[in-house]
Every structure is written in structure tokens, then in C-alpha cells.
Amino acid sequence: MRVAVFSRFPKDRDAPRGGVETVALALVRALEAIGDMDLHVVTLEAGLRELEVCSHGPTTIHRLPGSRWPQMLDILWGPGRRRLKRYLIDLAPDIVHLHETYALGLGELPMPDVFTVHGFDHANIPAEKRRMARLRSLLWWHIEARGLARQRYIISITPYVRQHIEPLTTARIFDIDNPINPVFFETARNEVPGRVFCAGWISPRKNTLGLIRALPRLVEGGVDVSLHLAGEQKDHAYARRVREAIDELGLSGRVRLLGRISPDDVRRELSEACLFALPALQENAPMAISEAMAAGLPIVSSNVCGMPFMIDEGRTGYLVDPEDTDSLAERMGRLLTDDGLRSTMGGAAREDALRRFHPDAVGRRTVEVYRRILGSSGVAS
């Protein structure tokens, strides 16, 4: 079976950047392990001047130059879209697995394709409080609705995604969780008392300030808590507000801003943490939660969007209103002060992660989807 995966893909396999690169890398490794495939990864990269093709083990990587058009326009009419479509047609795979928003503008390819929907820009933009958020969100909604309506096959990474796309498409939808790096399942527990870990961009959408503002409640209740925050600070104004809040609340000795850290450092932080917290305002299926569950941590996260479909309330963690600082602090305090509860919840979280997020399981489900699509299309696999 000749398979082309279109996605962002790391040049350094030890240092993927962002959720989509991490997912694509884990999936490709799983497909490589299954074997019996002629596997190709195709990227479209801004700043690249000419085509780069290289082999990495059994996989061929094709890095295409992107365009200078704004992504919103390039997806629909731009040179990047045209270049990508021509290249995929010339590559002539049996099936194309699309992981990028360019799938919304590709139209019907001459070969079968399936689109994994990772998120919704129309929902992310307001949560990130970007400039002209309402207008940009509306434009993205129209692009997403138009693009989803043209799909034939879709992979939904969470029931939350399925709920959003079902009214917009007649595509056949398959449910497969995102895979994670299997090394997270090998994380040893080495808890530092009171340690809370959070990974994700320092941004309004991740609600970093909400998490920080919960800490004084814990301190007032006699909990010796500390917070390690990993993530890039792309929104400099918001990052400044975070640093100011840390100083104003007297938390400088309790909060560490780690910046962007390596997967090995993430594993070390997960090993030492008592729990993982992410009170985000808008998320579909955060990789950071999947990795924390694999490492055996109980989770405290938001009761909105995709998080309730990842966390089993009261069994693998707690779900709270992300705007309710008192509830967030109370649930974290409950876990930080009860060793048995943490151990039980963390063990249950790891069991769920093995079943849902391990790349071996995800790879097998994905190949089965490929074969079902090829069978429906009358193509031998």
C-alpha cells in the first residue's frame, strides 16, 4: 500500500514542535512498525526555497516550498494549494492522509483521501483574544464549513470534534484518538510533594492566568504547592501579565516558567509532578493531557470542549469550570493532600491512555481505516 501523509513534520525527530508535528511523528513511527507500506510524508513549508526529498528509514520525506500568501487565502486559491495538489497527484499514492487545514481547500483528489480534523481555527481565535477576532473567526467558520462539506472520509480525534463536524458534512467519520510517543508510558513516578505541572503555550486560550490565580487559595489552605509551567511565550503581552501576576501574588518562589522544553524534559517534569493541570478555555484533545495520563498522573482540567471526553470525572481526574478559581484550587488541593487518591486516579489514567493513545493501537486502527476506504473505493490494498 502506497500511503502519503500530508502534515507538518519535524526535521529533528527528537524535537517535534506543537501538537500536529507530535501526532504526525507518532503515527508515522507506528505505520513504519506495522510495515508492508510504501510510506511518504509531504509537507508545505514557509521559507523553503526549493523541494527537499530525503529518506528516513522506510519513509520518504517530501518538503515542498510554501507560498507567501496568507494561509486563509492560500488554502482556497493560492500557489501553495496548487503546488501541493499537483505534487500529490504526481506522487500517485493509493491513499492520502491529510492532517493540515489545506485539506479544506484541496477539493476532490483523484485518489482516495481521509482528513484528520485536529481543531477549529474559528473557535481558537476568540479564545486567544487575537486582533479582529470576531471577523477572522467568521471567515474561518465559512472556510471550515465549505471544506468539511467536500470531504469524503474524516477521522475525528474526539467526540467533541465529531459533534462539530457532523452537521457540516456527509463524509463517513471514523473515531480514532491521537497517538503519543510511547516513551511517556515508561515514565517512572518520582513525585516532588506539592508539585503541579502544566504544559502548553502561555496564552489566554490555555488560561495560564487562571491556573496561577488558584495557587494562593491552596497556600491559604496550608498546601505547600509549587507550579512548573512549560510552554512558549508567543503572546508577549499576555506573558508579561503572567509574570506580573506571579509577582503581585507573592508566588515567585512557587512558580517556574520553563519555556519550551524537550520531550525528555517533559517526561522528567511528569515524573516529578503530583498532578497535571490544564484549565484551558478552548481545546479539542490536548496532547499534553494524553502524555500526562500515559505517565500515570491524575488530571485537573476544564469541563468544556474536548476535555470531558478525555477525562473520566472522579476516576482519572477532575473537570472544573475554567473560570471558577475556587473549584480549580479545591480539586488540586484534594489530590495534592491525598496520596492514595492520586495513585488510584493516576493508575486509571494510564490504563485509559494505553487503550486509547498508544501508537500501536492507533496505528492498527488507522491502517484498518485505510483498508476500509480502499475497499469502498474499489482499490486493492
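What follows draws every value from the coordinates through simple rules; no lab data is involved. Computed from a predicted model, the values in this text were never measured in an experiment. Cβ sites come from the backbone with ideal geometry, for glycine too, and all protein chains shown count toward neighbours.
Points worth noting:
- Placed amide H near Val300: partners under 5 Å, 5+ positions off or other chain: Phe276, Ala277, Leu278, Tyr318
- Global form of segment 182-357, assessed from the alpha-carbon gyration tensor, a/c cut-off 1.5: rounded
- Shape call, segment 216-277: gyration tensor on alpha carbons, a/c limit 1.5: oblate
- Loop-resident GluC sites (Glu not before Pro) (DSSP state other than H, G, I, E or B) in segment 226-334 with no more than 13 further Cβ atoms inside 10 Å of their Cβ: Glu323.
- Among the trypsin sites (Lys or Arg not before Pro) in segment 6-48, those placed in a DSSP loop whose Cβ has at most 15 other Cβ atoms within 10 Å are Lys11, Arg13, Arg17.
- Between 0 and 90°, nearest 10: helix 79-91 axis offset from the chain longest Cα axis: 60
- Of the GluC sites (Glu not before Pro) found in segment 1-110, those that fall in a DSSP loop while having at most 11 other beta-carbon atoms within 10 Å are Glu50, Glu108.
- Applied to segment 341-354, the Karplus parametrisation 6.51 cos²θ - 1.76 cosθ + 1.60 on θ = phi - 60° returns per-residue 3J(HN,Hα) values of 4, 4, 5, 5, 5, x, x, 5, 4, 5, 4, 4, 5, 4 Hz, with x for Gly and Pro.
- Using Cβ point charges alone (K and R +1, D and E -1), the dipole size of the chain about the Cα centre works out to roughly 1160 debye.
- Fraction of the pair-distance distribution of segment 1-139 above 27 Å, Cα-Cα pairs, percent: 21
- Helix 133-149 and the longest principal axis of the C-alpha atoms of the chain enclose an angle of approximately 50°.
- Footprinting exposure proxy for Asp326, Asp177 (fewest neighbouring C-beta atoms within 10 Å first): Asp326, Asp177
- Contact order normalised by residue count of the chain, Cα under 8 Å, 6+ apart, percent: 15
- Residue among His236, Val223, Val255 farthest towards the positive dipole end of segment 183-258, charges placed on Cβ: His236
- Estimated distance in nm for a label pair at Glu232 and Val192, the labels positioned 7 Å out from Cα along Cα-to-Cβ: 2.5
- Most positive-pole-ward Cα, Ala294, Tyr318, Pro93, against dipole of the chain from beta carbon charges: Pro93
- Counting only DSSP H runs of at least 4 residues, each contributing -39500 (n - 2.57), and dividing by the residue count of the chain, the helix-based mean residue ellipticity at 222 nm comes to -13500 deg cm²/dmol.
- For the pair Asp36 and Glu220, a Förster radius of 41 Å applied to the C-beta separation gives a FRET efficiency near 0.10, rounded to the nearest 0.05.
- The chain: antiparallel DSSP beta bridges as a percent of all, rounded to 5: 10
- The string of couplings for segment 158-172 from the Karplus curve (6.51, -1.76, 1.60, θ = phi - 60°) is 6, x, 4, 5, 4, 4, 6, 8, 4, x, 10, 8, 9, 4, 6 Hz, one whole number per residue in order, with x for Gly and Pro.
- Compactness of the chain as Cα Rg over 2.2 N^0.38 Å, two decimals: 1.00
- Converting phi to 3J(HN,Hα) with the Karplus coefficients 6.51, -1.76 and 1.60 and the offset θ = phi - 60°, segment 60-77 yields 9, 9, 10, 9, 9, x, x, 10, 8, 5, x, 4, 4, 7, 5, 4, 8, 9 Hz in sequence order, with x at every glycine or proline.
- For Phe6, the residues whose amide H sits under 5 Å from its own are Val42, His97, Leu98, His99, ignoring neighbours fewer than 5 places away on the same chain, with H placed 1.01 Å from N.
- Inter-centroid distance (Cα atoms) of segment 163-224 relative to segment 276-313, Å: 4
- Tilt relative to the chain, helix 18-34 - C-alpha long axis, 0 to 90 degrees, to 10: 60
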